[in-house]
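One structure follows; several queries about it will come next.
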There are 2 protein chains.
Amino acid sequence: MVSKELKFGVLGCGFWARYQIHAWRELDGVKLVALYNRTRSKAEEFAKEFNVSKIYDTPEDLISDPDIDFVDIITDAVTHAEYVHLCAKHKKPVICQKPMALSLDEGKGMVQACKDAGIPFMVHENWRWQTPIRKVKEIMDSGVIGKPFRCNLYWNTSYPVFENQPYLARIEQLIIADLGIHILDTARFFFGEAQTIFCQTSTVNKNIKGEDSATIMMRMTDVTCIVQISFSSIVENDKFPETFAFIEGEKGSIELCPDYWIRVTTKGETKSMRVPPKRYSWANPDYLVVQSSIVPTNAHWLESFRAGKEPETSGADNLKTLQLVYLAYESAKTNNAINVREL
Amino acid sequence: MVSKELKFGVLGCGFWARYQIHAWRELDGVKLVALYNRTRSKAEEFAKEFNVSKIYDTPEDLISDPDIDFVDIITDAVTHAEYVHLCAKHKKPVICQKPMALSLDEGKGMVQACKDAGIPFMVHENWRWQTPIRKVKEIMDSGVIGKPFRCNLYWNTSYPVFENQPYLARIEQLIIADLGIHILDTARFFFGEAQTIFCQTSTVNKNIKGEDSATIMMRMTDVTCIVQISFSSIVENDKFPETFAFIEGEKGSIELCPDYWIRVTTKGETKSMRVPPKRYSWANPDYLVVQSSIVPTNAHWLESFRAGKEPETSGADNLKTLQLVYLAYESAKTNNAINVREL
């Protein structure tokens, strides 16, 4: 059986939309057919670049187009709720960028609306689809290091994020909401749900409003998971935006090192392998490991969609990641460890 | 002025006493003149080996000997309180191995007794005198990395500690009380007092009673300090008993790496240097960095004693380290972050 070609529309033609669309074009059986952007001229630019015939003047016009099978929302977080609710209203399957919502309650409302409408809803959380992250999970699942008991996830940089994204300097909840969300999702991908979360934050760079460093400690069943993130770390191997990891288990350890090297140590032996992301000509080399992971993320959507299965990073699943973000802030504010409540 | 030669006696002639005595012999102006051990034959062995003329049959006989200027207690923790109180009774300056006491209250009583007696009391906490640890502090104090905001201290091994010290397998409070105490003291040496402590523990090795892995997160003024210790870590660079560190500051970072390498990274530049401990022929190569640090620890005692100054690791100071040990256990048990109370 040959699958029918899926047609989709994109809301938002900004910086990330370009990579997202390029990633779709790497996959068979899917085609971008409609665009919307608040400033129409940008949509027109994209239409020309990607040979798209339909440009809509309102999100609802695009969403209600019977010709499209799903919608990919690549706008800022402020508009996510409105657009997802519109998709629910028109029973249009939808993918939405992270963070899905500006609060946990807003996120819950979006998930419920899609559930009530009977449409699949995926949050575009691509970190767990990164080649090295996926490989680390595969090695862990193979049992070679036995049952894990501790994990460190590191993402520390002084890459000039504020030069490229000046609005970040004015955000009140900065690194956990913007970046930590990915690492918290990766931790969930590795170990399942957290039972307790404790967090401390700092503002090292005095020219910004929010916190630019956070240290999070979670209990995830039998695993203590420490997440260390920072925009103000002057480190020898600054490999922005790579995530490093060190996972200790009963029988060995796995280290995810700079430049996509993975080292697996068991009694008396260390094996190393390099698992770089696939290079795409359209990807910004500075963001390679992140941007190349959009391809498997989109492929997962297509596969789930065609099989009628809930995607790994469904809205319902992603609410748990969002909850960790807000509990981390709550913990930092109250200086208490917080038990994760049932959603 | 030539200082008078100081004479001292040792209580306890076990495994560590030998290194301790060797370390004293590296220093000028100090002489071991009296020994006591529960099993007299071991004291006799030591007397022969180190040419000591007086062996006492009770701790009090040694402590009350008017010929000795101070006492070095190198017995197990269970006897520390009794012997320190005897020293207070006889107004005899005293050094005592870590952990000074079996509970915080016991420790407080010992400190008070020495204070009331007007005698100096030092806890033999030698970790902060390790060559690389001292160097890291010196670099931090130089201001090269600016104000620190996060520190990681690592001590993870699968060195067969239970083969050498089989009693460790039966201890209920294991790695924090036995090993973590050193790292917590090192953290205090680096950053001063903790305001909050949070801890999670695991028992990875199912053949032992206590916890063999602990992860501790402290707030020490503006610094988040994470302590990771384990007797069950199968790691590539198992350099037992070296401590590794990674300290992030506003202007750079310091990394204490395997084999006593220190790497200092500032914008655009990393400088590395190797600061190995001094090699002593009497030291067990497996414990080199720890055993060689006994020499500067003892030198510090002599210097403080002669100057009439309180040593860095006085009993009063060391109570704060001991408090962190017990608060870490309390935190792990209650799964709560704990505010450090005024002692």
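The values are calculated or read from the model by the stated rules, or taken from the named source; none is laboratory data. All figures in this text were calculated on a predicted structure; none of them were measured in a lab. Cβ: placed from backbone, ideal geometry, glycine included. Neighbour counts: every protein chain shown. What goes into the accessible areas is simple: the full protein's heavy atoms, side chains included, and nothing from ligands, DNA or RNA. Shrake-Rupley method; radii C 1.70, N 1.55, O 1.52, S 1.80 Å.
So, A:Lys42, is that one assigned to a helix (DSSP H, G or I) and without any contact (Cβ under 8 Å) to a residue 24 or more places away in the chain or not?
no
Next up: Being surrounded by fewer than 17 Cβ atoms within 10 Å (Cβ to Cβ) and part of a loop (DSSP other than H, G, I, E, B) is the filter here; which residues of the range B:48-63 pass it?
Passing the criteria: B:Asn51, B:Ser53, B:Asp57, B:Thr58.
Quick one: how many residues across the range B:110-139 are without any contact (Cβ under 8 Å) to a residue 60 or more places away in the chain and open to solvent by 30 Å² or more (accessible area, probe 1.4 Å)?
Counting residues in the range B:110-139 that are without any contact (Cβ under 8 Å) to a residue 60 or more places away in the chain and open to solvent by 30 Å² or more (accessible area, probe 1.4 Å) gives 5.
Further, regarding this structure: Quickly run through the range B:172-205 and pick out the residues that are touching a helix residue (DSSP H, G or I) at 6+ places or on another chain (Cβ under 7 Å) and open to solvent by 30 Å² or more (accessible area, probe 1.4 Å).
B:Gln173, B:Asp178, B:Glu193, B:Thr201
Could you grab the pairs with beta carbons closer than 7 Å, sequence gap of 6+ or different chains, first residue in the range B:11-29 and within 17 Å of B:Leu288 (Cβ to Cβ), second one at pLDDT below 95?
If the second residue must be at pLDDT below 95, no pairs are left.
Separate question: Which residue is surrounded by the most Cβ atoms within 10 Å (Cβ to Cβ), if the candidates are limited to the range A:64-73 and must be in a strand (DSSP E or B) and touching a His at 6+ places or on another chain (Cβ under 8 Å)?
A:Ile73
Among the helices (runs of 4 or more DSSP H) confined wholly to the range B:249-343, which include 3 or more residues that are open to solvent by 30 Å² or more (accessible area, probe 1.4 Å) and more than 14 Å from chain A (Cβ to nearest Cβ)?
Output list reads B:294-307, B:315-334.
Quickly run through the range B:247-264 and pick out the residues that are among the acidic types (Asp, Glu), touching a residue at least 24 places away in the same chain (Cβ under 8 Å) and within 19 Å of B:Ile183 (Cβ to Cβ).
If the condition is that a residue be among the acidic types (Asp, Glu), touching a residue at least 24 places away in the same chain (Cβ under 8 Å) and within 19 Å of B:Ile183 (Cβ to Cβ), then B:Glu248 is the only one that fits.
Against the definition (aromatic (Phe, Trp, Tyr) and touching a strand residue (DSSP E or B) at 6+ places or on another chain (Cβ under 6 Å)), how does A:Tyr159 come out, yes or no?
Considered against the rule, which asks whether it is aromatic (Phe, Trp, Tyr) and touching a strand residue (DSSP E or B) at 6+ places or on another chain (Cβ under 6 Å), A:Tyr159 comes out as no.
Also, I was wondering about something else. Check B:His85 against each of (1) within 18 Å of B:Leu319 (Cα to Cα); (2) of a type outside the set (S, T, N, Q); (3) more than 19 Å from the chain's Cα centre (by Cα); (4) within 14 Å of chain A (Cβ to nearest Cβ) and name the one condition it does not meet.
Every condition holds for B:His85 apart from (4).
Anything in the range B:206-248 that is crowded, with 19+ Cβ neighbours inside 10 Å, within 10 Å of chain A (Cβ to nearest Cβ) and part of a loop (DSSP other than H, G, I, E, B)? List them, or say none.
Matches in the range B:206-248: B:Asp212, B:Ser232, B:Ser233, B:Ile234, B:Val235.
All but one of (1) of a type in the set (Gly, Ala, Ser); (2) closer than 21 Å to A:Ile247 by Cβ; (3) open to solvent by less than 30 Å² (accessible area, probe 1.4 Å) hold for B:Ser158; state the number of the condition that does not hold.
Failed condition: (3).
Can you tell me which residues in the range A:210-235 are among the hydroxyl-bearing types (Ser, Thr, Tyr) and over 19 Å from A:Asp185 (Cβ atoms)?
Of everything in the range A:210-235, those that are among the hydroxyl-bearing types (Ser, Thr, Tyr) and over 19 Å from A:Asp185 (Cβ atoms) turn out to be A:Ser213, A:Ser232, A:Ser233.
Kindly provide the set of residues from the range A:82-109 that are of a type outside the set (Ser, Thr, Tyr) and open to solvent by 40 Å² or more (accessible area, probe 1.4 Å), ordered by number.
Passing the criteria: A:Glu82, A:His85, A:Lys89, A:His90, A:Lys91, A:Leu102, A:Asp105, A:Glu106, A:Lys108.
Assess whether A:Thr79 counts as being among the hydroxyl-bearing types (Ser, Thr, Tyr) and surrounded by fewer than 19 Cβ atoms within 10 Å (Cβ to Cβ).
Yes; evaluated as a whole, the condition is true for this residue.
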